[in-house]
Amino acid sequence: MKIFKKYITFIIALIVILITFLWNQEIGLRAIDTIKISFKEMMMIIPPIFVLMGLLDTWMPKDVMVKYMGEDSGLKGILLSIFLGSAAAGPLYGAFPVAAVFMRKGVKLTNILIFIGAWSTTKIPMFLFELSSLGSKFAITRLMINIPGILLIAYTIDCLLSEEEKVQIYKLADEKK
């Protein structure tokens with residue numbers, strides 16, 4: 001029963017695809033092709049992220065991470081979080097394993113949330129593309145709106161979580177080694 005609960009979303013998706021295929025084979029085959037493409041794309045991104053995580057976990061001492069991104073890191077931790085998130089490559093789901101390593105290294109929750117927000121909205125390649133395609137006014141305006149938005153969301157989440165909830169989040173990240 002525990003295994004069934006763990007994979008319930010996958011099982012439901014499989015049933016929906018099977019029903020779709022039986023209802024309309026063309027749509028079902030397109031869905032299967034989309035799944036194959038997504039799976040291949042994910043397999044190209046996940047291994048490098050796990051290598052990065054392993055290197056970060058092994059080479060970066062916890063006291064260094066705490067110094068630069070921990071509870072007392074201040075502006076330095078915020079700026080480093082924004083830079084690391086903006087410089088990262090890959091889709092957003094790649095940020096979460098890195099965030100888990102950050103948690104195990106003692107990084108402040110607000111900085112982790114800022115890192116995830118920066119990963120999702122302030123990527124350097126995206127900014128450069130916007131500069132060349134949409135113009136500097138648009139690119140800079142979007143960036144200047146996103147950064148305060150990321151900070152507001154991170155600090156709001158941090159304020160809404162109790163200390164017990166924060167401890168539980170860190171505990172879960174530590175258990176998923």
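The values are calculated or read from the model by the stated rules, or taken from the named source; none is laboratory data. Bear in mind the structure is a predicted one, so any value in this text is a computation, not a measurement. Positions of Cβ are backbone-derived with ideal geometry, glycine not excepted, and every protein chain shown enters the neighbour counts. What goes into the accessible areas is simple: the full protein's heavy atoms, side chains included, and nothing from ligands, DNA or RNA. Shrake-Rupley method; radii C 1.70, N 1.55, O 1.52, S 1.80 Å.
To the nearest 20 debye, what is the magnitude of the charge dipole of the chain about its Cα centre, counting +1 on the Cβ of each Lys and Arg and -1 on the Cβ of each Asp and Glu?
Numbers: 19 positive and 14 negative charges, 52 e Å.
The dipole of the chain has a size of about 240 debye.
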Extended-chain gain in nm, criterion 0.36 nm per residue less alpha-carbon gap, LYS2 and SER133: 42.2 nm
Degrees, to the nearest 10: 25-59 long Cα axis against longest axis of the chain: 30
Compute the acute angle (0 to 90°) between the alpha-carbon long axis of helix 124-134 and the principal axis of greatest extent of the alpha-carbon atoms of the chain; round to the nearest 10°. 80
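Using a Förster distance of 25 angstrom, determine the FRET efficiency expected from the C-beta separation of ALA31 and ARG142, and round it to 0.05.
So, using R0 = 25 Å, E works out to roughly 0.15.
Leaving out ligands, DNA and RNA, what percent of the accessible area of region 126-171 is carbon and sulfur, probe 1.4 Å? Write down the numbers at each step before the final one.
On the way: 2470 of 3340 Å².
Carbon with sulfur: 74 percent of the solvent-accessible area.
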Can you give the angle from 0 to 90° between the axis of helix 8-23 and the longest principal axis of the chain, with both taken from C-alpha atoms, to the nearest 10? 40
Which ³J(HN,Hα) values in Hz, rounded to whole numbers, follow from the phi angles of region 83-100 under the Karplus curve 6.51 cos²θ - 1.76 cosθ + 1.60, where θ = phi - 60° and Gly and Pro get x? 4, 4, x, 6, 7, 5, 10, x, x, 4, 5, x, 6, 5, x, 5, 4, 5
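Run the numbers for TRP59 and SER38: contour at 0.36 nm per residue of separation, minus the present Cα-Cα distance, in nm. If you can, show how the numbers build up before the last one.
Details: separation 21, 0.36 × 21 = 7.56 nm, distance 3.15 nm.
Contour length minus the Cα-Cα distance gives 4.4 nm.
Cross-link list LYS62/LYS171; LYS105/LYS166; LYS62/LYS166; LYS2/LYS105; LYS36/LYS123: which exceed 22 angstrom alpha carbon to alpha carbon? Please report the intermediate quantities before stating the final value.
Working: LYS62/LYS171 16 Å; LYS105/LYS166 15 Å; LYS62/LYS166 19 Å; LYS2/LYS105 30 Å; LYS36/LYS123 27 Å.
The answer is LYS2/LYS105; LYS36/LYS123.
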Take the alpha carbon atoms of region 83-102, find their center, do the same for region 1-55, and report the distance between the two centers in whole angstrom. 21
Which label in (i) 65, 37, 30; (ii) 42, 36, 33; (iii) 57, 49, 33 gives the computed Cα extents along the principal axes in Å: (iii)
Residue farthest toward the positive end of the dipole of the chain, with Cβ of Lys/Arg at +1 and Asp/Glu at -1: which of MET53, GLY28, ILE157? GLY28
How large is the accessible surface of GLU163 in square angstrom, using a 1.4 angstrom probe and rounding to the nearest 10? 120
So what's the back-of-envelope 222 nm ellipticity for the chain, counting only DSSP H runs of four-plus at -39500 (n - 2.57) apiece and dividing by all residues, rounded to 500? -27500 deg cm²/dmol
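Express in nm, to one decimal, how much length is gained between LYS76 and ALA89 on full extension, taking 0.36 nm for each residue of separation and deducting their alpha carbon distance.
Numbers: separation 13, 0.36 × 13 = 4.68 nm, distance 2.19 nm.
This chain segment gains 2.5 nm when fully extended.
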If the elastic network links every pair of Cα atoms under 10 Å, which of LEU134, LEU80, LEU52 fluctuates the most in the Gaussian network model of the chain? LEU134
For every other residue with a beta carbon closer than 9 angstrom to the beta carbon of GLY106, add +1 if it is Lys or Arg and -1 if Asp or Glu, then tell me the sum. +2
Over region 35-177, average the accessible area per residue using a 1.4 Å probe and give it in Å², no decimals. 61
